[in-house]
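The values are calculated or read from the model by the stated rules, or taken from the named source; none is laboratory data. Please read all numbers here as calculations on a predicted model, not as lab measurements. FYI the Cβ positions are ideal-geometry reconstructions off the backbone, even for glycines, and counts take in every protein chain you see. Note: areas computed on protein heavy atoms with side chains; ligands, DNA, RNA excluded. Shrake-Rupley method; radii C 1.70, N 1.55, O 1.52, S 1.80 Å.
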Amino acid sequence: MYKRIVLKLSGEALAGSRGFGLDAERVIEITNEIVEVRALGVEVAIVVGGGNFFRGVAEQAKEMDRVSADNMGMLSTVINAIALQDAIEKHDVQCRVMTAVAMDQIAEPYIRRRAVRHLEKGRVVIFAAGIGNPFFSTDTAASLRAMEIKADVLMKATKVEGIFSADPVLFKDAVKYDEITYMEILRQGLKVMDLTAVSLCKDNNLPMIIFNMNEPGNIRRVALGEKVGSLVTS
């Protein structure tokens, strides 16, 4: 169904059950699904978080200057991006890491036209270092990059089945939304993405799908347009 997608992965997803760092088996499982989607002819871009190493707004950074903490978080996303690139290229699929912060000896600088050209040539593109500025989350980076490269959809992989009226872990009577608008997310104050990312998607009519990535094959199902997770529209 979708020709070009942006997949938002959290750093925690790469940590697996370990909770910190990289779980090699989990990285392989995720990249296997990404390669499978690419084989369908879908152009795949990825935005990766860094919470498995460092998160600028977490308890570990409470005594730090916010700018310094966010800079450390951006560097964490680069570590994850390189790990994903290595795993993807083991499948003989070309992959490029593009960073919003210049580090030429490690990755390419983010240039929109070059990113689009990589995708057109069948390469997987991983966007790292957020948008290169503190105070902006990787959710916002995913929204921005999806709009810049004219993606058909933003797919956010989470550990729950979609968007609920409340935290389904804490509230067993929480209701799952199969479809919801960005305005409704803002009105209800649902913790799906940060408000900047939600507003960006809303203002630019970018559809987003929230789905459970712990269910094997879900990335492929979403890319094919199956009704998985929660669809968010403007």
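Answer yes or no: is there a residue in the stretch 104-122 that is of a type in the set (S, T, N, Q) and either surrounded by 22 or more Cβ atoms within 10 Å (Cβ to Cβ) or within 17 Å of residue 5 (Cβ to Cβ) (or both).
Checking the stretch 104-122: not a single residue is of a type in the set (S, T, N, Q) and either surrounded by 22 or more Cβ atoms within 10 Å (Cβ to Cβ) or within 17 Å of residue 5 (Cβ to Cβ) (or both).
Of all residues in the stretch 51-70, which are outside any helix (DSSP H, G or I), more than 29 Å from residue 32 (Cα to Cα) and open to solvent by less than 20 Å² (accessible area, probe 1.4 Å)?
56
Which is on the phi > 0 side of the Ramachandran plot, crowded, with 17+ Cβ neighbours inside 10 Å and either over 14 Å from the mean Cα position of the chain (by Cα) or modelled with pLDDT of 95 or more (or both), of 73, 41, 16, 21?
Only one candidate passes the filter, namely 16.
Please determine, by comparing only the residues of the stretch 151-186 that are aromatic (Phe, Trp, Tyr) and open to solvent by less than 50 Å² (accessible area, probe 1.4 Å), which one is nearest to residue 227 (Cα to Cα).
164
Would you be able to say whether some residue in the stretch 139-152 is assigned to a loop (DSSP other than H, G, I, E, B), without any contact (Cβ under 8 Å) to a residue 60 or more places away in the chain and either over 13 Å from the mean Cα position of the chain (by Cα) or within 21 Å of residue 47 (Cβ to Cβ) (or both)?
no
Being without any contact (Cβ under 8 Å) to a residue 40 or more places away in the chain and in a helix (DSSP H, G or I), is that true of even one residue in the stretch 83-95?
Scanning the stretch 83-95, I find at least one residue that is without any contact (Cβ under 8 Å) to a residue 40 or more places away in the chain and in a helix (DSSP H, G or I), so the answer is yes.
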